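Working notes, beginning with the structure itself.
Please treat every number below as a calculation from the coordinates, not as lab data. Since this is a predicted model, take the numbers as computed values, not measurements. Every residue, glycine among them, receives a Cβ derived from its backbone with ideal geometry; neighbour counts consider all protein chains shown.
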Amino acid sequence: MVRVIMLSPPGGGKGTHSRWLTQQTGAAHISSGDLLRAEVASGSKLGRRVAAYTARGDLVPDDLIFRILMPAVIAAARDTGGYVLDGFPRTMPQALRAAEWGSEFSLTSQAVIYLTAPEEELVNRLLDRAQREGREDDTLAVIRHRLAVFASETAPLVEYYRSRGILLELSTDRPESEVQAELLDWLHARGLIQPVAGESGPDHAEPAEARPPGTRDQPREHQPVKPTLTS
Ligand code: AMP
């Protein structure tokens, strides 16, 4: 089962393409933003601490992220044998911790998909989403701040993963079907997923690795761990 990290600036399309890749592969979709929003919505003490950061577009401190995310990742990976991580890791300490955790549980990431688009396009997409979904952090000032946070805290991960030879950079400033076809081709070429015999194209991808015993007859589309939103 495929184990992928989706990396993008806000508005880059990681939510959209993570959900799609999840449907294609049966791996669990784990969105750190969704998990954090669920924690905030629960009204817990932890949620109130999280909200202080997310509302202004700052990153939530790493220790809180590990506390909230790790149980979800481990449970999902156990259920499906794979994952599409959407929004995590986002800092170098998170990336290093994720790598340690991956080798400890034999769940090392196989690929990192870095989605890009011109800055004004990112801003326009997020302002458009604000109209549809009304997310608290999709105001112009907070969007600009989140982009700056991405540049300082998250962008260094691109070179880190590129140097490990597992990074694919894709522009999303084009039709989604083109992005997805290129993504599938790359995953096929690396043997991470395989087309069903006699079929090809984005609608016919199968995970390369065997499903765990007892799960072969289950539908390929797994429910995400938490509800997802476009991001
Ligand atoms: P997203 O839904 O991915 O746009 O994330 C929304 C917000 O959640 C971000 O602006 C951060 O405040 C927070 N967040 C999400 N993922 C992380 C992470 N891996 N580390 C720290 N903060 C995060």
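Restricting the first member to region 130-141 and to residues that are more than 15 Å from A38 (Cα to Cα), and the second to residues that are of a type in the set (A, V, I, L, M) and in a loop (DSSP other than H, G, I, E, B), no beta-carbon pair is closer than 6 Å while six or more apart or on different chains.
Applying the condition of being more than 11 Å from the chain's Cα centre (by Cα), more than 10 Å from the ligand (Cβ to nearest atom) and part of a loop (DSSP other than H, G, I, E, B) to region 1-39 and asking which residue is farthest from T80 (Cα to Cα) yields V2.
The number of residues in region 66-92 being among the aromatic types (F, W, Y) and within 22 Å of V50 (Cα to Cα) comes to 2.
Do we have L157 as of a type outside the set (D, E, K, R), under 27 Å from G57 (Cβ atoms) and in contact with a Lys or Arg (Cβ under 9 Å, 6 or more places away or on another chain) here? So L157 fits the description; yes.
Here F150 fulfils each of the conditions (1) in a helix (DSSP H, G or I); (2) touching a residue at least 40 places away in the same chain (Cβ under 8 Å); (3) farther than 11 Å from G12 by Cβ apart from (3). Looking across region 67-101, the residues that are away from the ligand (no atom under 11 Å from the Cβ) and of a type in the set (S, T, Y) come down to T80, Y83.
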